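See structure below.
The values are calculated or read from the model by the stated rules, or taken from the named source; none is laboratory data. The structure displayed is predicted, hence computed values, not measured ones. Note that we place each Cβ from the backbone using ideal geometry, even for glycine, and neighbour counts take in every protein chain shown.
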Amino acid sequence: MPRLYPVFFVIIFLSHLPAAWAEVLDVKIEGLTGATLENVRKLLSIEQQKTDPDLFEARIRRLHRNAPGEIKQALEPFGYYDPTISASLTQPSPDHWLAIYQIDPGLAVRVATIDLKLTGEGINDGQFQALISNFPLRKGDTLDHARYESGKRAFLMLATENGYRDAQLLTHEIRVQPELHTADILLHFDTGRRYRFGKVDFIQIGDPEKSQLDPEFLARFIAFEEGTPYSTTRLFEVQNALSDSDYFDIVEMKPRPDKIENFEIPIDIELEPRSKHRYTAGLGYGTDTGIRGSLGWENRQVNSSGHRFKAEAKVSEIKTNITGKYRIPMRNPRTDRIELTSAWLTESIASARSESETFLIGASHTLSRRSGWLETMYLNYQKESFSIGGTSGESSLLLPGISWSRVDANSRIYTRRGSRLLVDIKGTHPTLGSKFQFLQLRLQGKLIRPILENGRITLRGDAGLTRIQDFAELPTSLRFFAGGDQSVRGYDYNSLSPKDSSGRVLGGEQLLVGSTEYEYSWTEKWSSGIFFDIGNAVDDWAQKLKRGAGFGVRWKSPVGLIRVDLAWALSDLDNPWRFHLVIGPDL
């Protein structure tokens, strides 16, 4: 047995020799650039295996022999069917090999004819006609197989998405004449018959005695009627609407092809409810408000008709707000609602020597309009006691109003492209039981657009106009102020407005604020920005606007940007600076 030890060690030593004696192989591909070069590298075996530790001479020569065929195959998808390939394999040193492939792709094959034919019920469908008109290849184009496959897939995908369940490609081929450098494309597509939506059944998972919503209420989320043409887009819209409603944890759309009758596809919608009650708590800080906290409770489902109730208390160093809201979904529960509100609010701003206490009850009716606009009509009873600028007063107002709002964004949390618009008109009159009359208009807007790959620009505007005979009667909550994190940075919160002889703010009848900000993202999470703000609350449009400017750093958190800014009050002596911190979504 001892005599076997030397043999054993020799075997171990020899098993390591291939790695030590592995051949070195360099591969050079000349004459190509861009996508053609990339595809040749991907399909060329000698390129893919050149770093294999088990390379040896016979294998290298075999890979080299196969290379011209692989190169030709890699060029065909780009329309090059007759390339000239010069291949050489040399051995500059005993363990070093060099493979060189000089490639002239030759003349590209061009599309001579395109024969696109559509049959079936979809022949008059505008979407299919658009696919024919916009087919990726046209007569005279260089033959590109990827573009051809993309065009072919578009027909199949559109058929699947729009209920043409029996659609099929009758003919789909490319006839290439390499010697003529031409190709003929034939694509004949039969859509078959279009299927329709059948009956929709809601399957609510859980205890039938609890958390069950009325099927008639759920049916108001359905954006299609039985018998209308089938569309997966419509299904996704319904799924998103049910998911966004906050009633359910899980929403699953289940078409039932096994129960098709008369070309109608029944739909089962499985719903798993969320917990009926939700409790929230928050703690934060803002340079306008100081330390702030909140507590909330919501009953997501007061009854089977989807009514909701929410109570929330928000407390900060300058504001206290206790609110209760009862919401009744209407015809379109995604957007339409009646909301009953009661609230108690206090605000105390030491720097402005301003205090107010407001009790409010009100009702509002919100409806969705065309182009994404939400219209809200409201009627509030507002009783307020206030003290500002050395004067005090009380008001009791029955305040009707109407507003239109619209938000359009790729993301509400961090927006690359989006906008927010708000138009609000309100007022009152002695015939409504108020002591005085006034009319107020407010316009707010924000526009975000990308600039190149890593930049974006944000434009923000806020304008207001009040018409009243005796401004001193107007309560503090209805006066205009400027300055602060969301207004003109570089100035204290609500510090900009007309002042009395002692320099205390009084609020203004008009408001005009504008802001421009450029932000550059230098990592996925971090960005920096520069900004210029201008604005003021005034009694006369001729009064000067205040200017502020600065820079800041932003970090993308799960709840939105955390913005840290340093801003200078350019319109004040010595240009004092102010720190601003804001946390929250863009829109």
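Summary table
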quantity: Matching option when the condition is surrounded by fewer than 14 Cβ atoms within 10 Å (Cβ to Cβ) and either in contact with a helix residue (DSSP H, G or I) (Cβ under 7 Å, 6 or more places away or on another chain) or more than 12 Å from ASP485 (Cα to Cα) (or both), among ASP572, ASP586; calculated: ASP572
quantity: Residue, surrounded by the fewest Cβ atoms within 10 Å (Cβ to Cβ), within the stretch 419-453, restricted to residues that are among the hydrophobic types (A, V, I, L, M, F, W, C) and in a loop (DSSP other than H, G, I, E, B); calculated: LEU452
quantity: Checklist (1) assigned to a loop (DSSP other than H, G, I, E, B); (2) surrounded by 13 or more Cβ atoms within 10 Å (Cβ to Cβ) applied to ARG138, failing item; calculated: (2)
quantity: From ARG456, ARG416, ARG460, residue being part of a loop (DSSP other than H, G, I, E, B) and at pLDDT 90 or above; calculated: ARG416
quantity: The stretch 490-519 - residue that is β-branched (Val, Ile, Thr) and surrounded by 16 or more Cβ atoms within 10 Å (Cβ to Cβ) and, of those, modelled with the highest pLDDT; calculated: VAL513
quantity: Pick from the stretch 162-196, criterion basic (Lys, Arg) and in a strand (DSSP E or B), ranking: surrounded by the most Cβ atoms within 10 Å (Cβ to Cβ); calculated: ARG196
quantity: PHE221 being within 23 Å of THR335 (Cα to Cα), touching a residue at least 40 places away in the same chain (Cβ under 8 Å), touching a helix residue (DSSP H, G or I) at 6+ places or on another chain (Cβ under 9 Å) and not assigned by TED's automatic domain parsing to the domain that holds ASP125; calculated: yes
quantity: Conditions (1) assigned by TED's automatic domain parsing to the domain that holds SER348; (2) farther than 30 Å from GLY483 by Cβ; (3) basic (Lys, Arg): number failed by ARG256; calculated: (1)
quantity: Residues (in a loop (DSSP other than H, G, I, E, B) and farther than 30 Å from PRO450 by Cα) located in the stretch 386-413; calculated: GLY389, GLY390
quantity: Subset of the stretch 77-91 [outside any strand (DSSP E or B) and surrounded by fewer than 19 Cβ atoms within 10 Å (Cβ to Cβ)]; calculated: PRO77, ASP82
quantity: Search result, residues across the stretch 558-587 that are among the small types (Gly, Ala, Ser) and under 23 Å from ARG547 (Cα atoms); calculated: ALA567, ALA569, SER571
quantity: Among the residues listed as GLY192, GLY151, the single one being touching a residue at least 24 places away in the same chain (Cβ under 8 Å) and either within 24 Å of THR228 (Cβ to Cβ) or in the same structural domain as ASN66 (by TED's automatic domain parsing) (or both); calculated: GLY192
quantity: Test set (1) of a type in the set (Phe, Trp, Tyr); (2) part of a strand (DSSP E or B); (3) modelled with pLDDT under 95 - TYR378 fails condition number; calculated: (3)
quantity: Hits in the stretch 496-524 - residues which are over 35 Å from the mean Cα position of the chain (by Cα) and part of a loop (DSSP other than H, G, I, E, B); calculated: SER497, PRO498, ASP500, SER501, SER502, GLY503, ARG504, LEU506, GLY507, GLU509
quantity: Meets criteria (within 23 Å of ILE425 (Cα to Cα) and surrounded by fewer than 18 Cβ atoms within 10 Å (Cβ to Cβ)) for ALA482; calculated: no
quantity: Tally, over the stretch 535-565, of residues that are out of contact with any Phe, Trp or Tyr (no Cβ under 8 Å at 6 or more places or on another chain), free of Cβ contacts under 8 Å to residues at least 24 places away in the same chain and of a type in the set (Phe, Trp, Tyr); calculated: 0
quantity: Some residue of the stretch 123-134 being within 20 Å of GLY31 (Cα to Cα) and surrounded by 15 or more Cβ atoms within 10 Å (Cβ to Cβ); calculated: no
quantity: Qualifying residue in the stretch 308-330 (condition: crowded, with 17+ Cβ neighbours inside 10 Å, among the small types (Gly, Ala, Ser) and modelled with pLDDT under 95); calculated: yes
quantity: Restricting the stretch 34-73 to residues that are hydroxyl-bearing (Ser, Thr, Tyr) and part of a helix (DSSP H, G or I), the residue that is surrounded by the fewest Cβ atoms within 10 Å (Cβ to Cβ); calculated: SER45
quantity: Residues that are among the acidic types (Asp, Glu) and either within 30 Å of GLY163 (Cβ to Cβ) or in a helix (DSSP H, G or I) (or both), drawn from the stretch 247-301; calculated: ASP249, GLU252, ASP258, GLU261, GLU264, ASP268, GLU270, GLU272
quantity: Condition broken by LEU131, with the remaining ones in (1) closer than 30 Å to PHE189 by Cβ; (2) part of a helix (DSSP H, G or I); (3) not assigned by TED's automatic domain parsing to the domain that holds GLU161 satisfied; calculated: (3)
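Residues checked against (1) at positive phi; (2) in a strand (DSSP E or B); (3) in contact with a helix residue (DSSP H, G or I) (Cβ under 9 Å, 6 or more places away or on another chain); (4) not aliphatic (A, V, I, L, M):
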{"residue": "LEU107", "(1), (2), (3), (4)": "no, no, no, no"}
{"residue": "ASP115", "(1), (2), (3), (4)": "no, yes, no, yes"}
{"residue": "LEU118", "(1), (2), (3), (4)": "no, yes, yes, no"}
{"residue": "LYS152", "(1), (2), (3), (4)": "no, no, no, yes"}
{"residue": "PHE155", "(1), (2), (3), (4)": "no, no, yes, yes"}
